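A.B. asks: Below you will find the structure I want to go over with you.
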Amino acid sequence: MKLKSLTLHQVSIPLVTPFETSFMRETEKDCYLVEARFDTPAGEITGWGESVTMISPLYSPEYVASGIDVTRRWLAPILFGVDDLTAETVSWHLRHVVGHPMAKSALEMAVLEAQLKLHGQSFKEYLGGVVDTVPSGVSVGIQDSVEETVKVIGGYLDEGYARIKLKIKPGKDIAEVAAVRRAFGDDFGFQVDANAAYTLVDSAHLRRLDEYGLLLIEQPLGEADIRQHSELAKLMETPMCLDESIVSAEAAADAISLGAAAVINIKPGRVGGYLEAKKIHDLAAAHGVAVWHGGMVETGLARAANASMASLPGFTLPGDISGSSRFFHEDITEEIVMHDGVVDVPTGVGFGVSIDPGKLEKFRTDSLEILPQR
Ligand code: NPG
């Protein structure tokens, strides 16, 4: 395949309710979509990718404008120069550009979608997925009060979500978790996510979570603190799960060998793409480490791809793969539906969903066409 042009569409999609984490409060989903056109032996094919960069650099160093800039100045020119571009070689071609995994991931995703279309293959078939549905977990943002936390979680349990993840931060943790267990009992999967909001000094405080039978605690300490997570893991009974710290398969190998991660949250965008994510899945499976699929409030495009990824056998815990309606009144693709606690793994060619041109028009705030320089 030969890349002919790239269009980066910046979109802003209103959220159903504000989503608050320890690092920010979002009221819109802001990201950019990659539309990549290729010449192929079967004629022109368009592939779509999605960047998980957020509007500000608060979860990772990348952000929407940095992703667009590095793509335009550095990444696109490299890919335009490749005669036989395949999804499997995108990260290799881009290897000299340091960092920017989210920007690289969005490009690899677009190449992958076009390649799947060329071969008439679904993403699940390509990966070797083994199930038709994946359990759907929901991520619950930080609420204004303990009562509100209980009410919101009660609503999601009534909807049938397979497990609940609650965002926590200092001062919004033990009381919330205790109240949720008091209200709904021990008979449902419950985990917490701190998004790096604590330090090792908080270990005695965090140990108080052990009495609530949580599935795991996700990323209590900083991104660079893999060794400190291994210290904290020795002090807590609740299984330690890493998210932000797992920036690559190498980081995953370090975390596993240091005993810093009993569980890993896999997010393709964070690690540079779905193919690196698959490597982490395979590595974790070889070491008996459980993985689950994270979410970054994706539109239906990446949400569908995530559901396919989560159909691999190592994804033994429910992921943050909720229905579109958890976040959006209107998605930019067909709606991803959560039913009976699961989401269907798409079976159609490519990622099994398509961008609705009318919705793209409605939610687009800017676009940039990038062509090869002559
Ligand atoms: O279900 O898509 C979802 C959201 C899951 O809580 C979720 N994601 O820290 O894992 C996280 C958090 C996140 C969202 C991180 C957006 C970064 C951006």
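The values are calculated or read from the model by the stated rules, or taken from the named source; none is laboratory data. Because the structure is a prediction, the values reported are computed rather than measured. Positions of Cβ are backbone-derived with ideal geometry, glycine not excepted, and every protein chain shown enters the neighbour counts. Calculation scope for accessible area: heavy atoms of the full protein, side chains included, ligands and nucleic acids excluded. Shrake-Rupley method; radii C 1.70, N 1.55, O 1.52, S 1.80 Å.
A.B. asks: Pick out the one residue from ALA255, ALA233, ALA261, ALA290 that is touching a strand residue (DSSP E or B) at 6+ places or on another chain (Cβ under 9 Å) and within 16 Å of the ligand (Cβ to nearest atom).
C.D. replies: Numbers: ALA255 fails: within 16 Å of the ligand (Cβ to nearest atom); ALA233 fails: within 16 Å of the ligand (Cβ to nearest atom); ALA290 fails: within 16 Å of the ligand (Cβ to nearest atom).
The conditions single out ALA261.
A.B. asks: A further question on this structure: In segment 50-79, how many are open to solvent by 20 Å² or more (accessible area, probe 1.4 Å), touching a strand residue (DSSP E or B) at 6+ places or on another chain (Cβ under 7 Å) and away from the ligand (no atom under 13 Å from the Cβ)?
C.D. replies: Result for segment 50-79: 2.
A.B. asks: Which of the residues that make up segment 95-143 are of a type in the set (A, V, I, L, M, F, W, C), in the same structural domain as GLY319 (by TED's automatic domain parsing) and within 16 Å of the ligand (Cβ to nearest atom)?
C.D. replies: The answer is VAL134, VAL138, VAL140, ILE142.
A.B. asks: Just one of VAL192, VAL247, VAL271 is of a type in the set (Val, Ile, Thr) and open to solvent by 40 Å² or more (accessible area, probe 1.4 Å); which is it? Spell out the reasoning first.
C.D. replies: Working: VAL192 fails: open to solvent by 40 Å² or more (accessible area, probe 1.4 Å); VAL271 fails: open to solvent by 40 Å² or more (accessible area, probe 1.4 Å).
Unique residue meeting the criteria: VAL247.
A.B. asks: Moving to a separate point now. Note down all Cβ pairs under 7 Å where the first residue falls in segment 165-180 and is charged (D, E, K, R), the second is part of a helix (DSSP H, G or I) and within 15 Å of the ligand (Cβ to nearest atom), and they're at least six residues apart or on different chains.
C.D. replies: From segment 165-180, the pairs are GLU176/THR149.
A.B. asks: Quick one: how many residues across segment 330-348 are within 16 Å of GLU159 (Cα to Cα) and exposed (fewer than 14 other Cβ atoms within 10 Å of the Cβ)?
C.D. replies: Looking only at that region, the number is 3.
A.B. asks: Next up: Out of all the residues in segment 227-242, which are under 16 Å from ASN195 (Cβ atoms) and assigned to a helix (DSSP H, G or I)?
C.D. replies: GLN228, HIS229, LEU232
Condition check ((1) within 16 Å of the ligand (Cβ to nearest atom); (2) closer than 20 Å to LEU157 by Cβ; (3) of a type outside the set (Lys, Arg)) across all residues:
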site: PHE188; (1), (2), (3): no, yes, yes
site: ASP202; (1), (2), (3): no, no, yes
site: HIS205; (1), (2), (3): no, no, yes
site: PRO220; (1), (2), (3): yes, no, yes
site: ALA224; (1), (2), (3): no, no, yes
site: HIS229; (1), (2), (3): yes, no, yes
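Listed here are the residues, each with its yes/no results for (1) assigned to a loop (DSSP other than H, G, I, E, B); (2) buried (at least 19 other Cβ atoms within 10 Å of the Cβ); (3) at pLDDT 95 or above; (4) among the small types (Gly, Ala, Ser).
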residue: GLU88; (1), (2), (3), (4): no, no, yes, no
residue: VAL98; (1), (2), (3), (4): yes, no, yes, no
residue: LYS104; (1), (2), (3), (4): no, yes, yes, no
residue: GLU108; (1), (2), (3), (4): no, yes, yes, no
residue: ALA114; (1), (2), (3), (4): no, yes, yes, yes
residue: GLU125; (1), (2), (3), (4): no, no, yes, no
residue: VAL130; (1), (2), (3), (4): yes, no, yes, no
residue: SER136; (1), (2), (3), (4): no, yes, yes, yes
residue: SER139; (1), (2), (3), (4): no, yes, yes, yes
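A.B. asks: Here is a further query. From the list GLY314, GLY259, pick out the single residue that is touching a helix residue (DSSP H, G or I) at 6+ places or on another chain (Cβ under 8 Å), on the phi < 0 side of the Ramachandran plot and free of Cβ contacts under 8 Å to residues at least 40 places away in the same chain.
C.D. replies: On the way: GLY259 fails: on the phi < 0 side of the Ramachandran plot.
The match here is GLY314.
A.B. asks: While we're on this one: Working carefully through the options LEU166, LEU215, find the one that is closer than 22 Å to PHE315 by Cα, within 16 Å of the ligand (Cβ to nearest atom) and part of a loop (DSSP other than H, G, I, E, B). Can you show your working first?
C.D. replies: On the way: LEU166 fails: part of a loop (DSSP other than H, G, I, E, B).
Only one candidate qualifies: LEU215.
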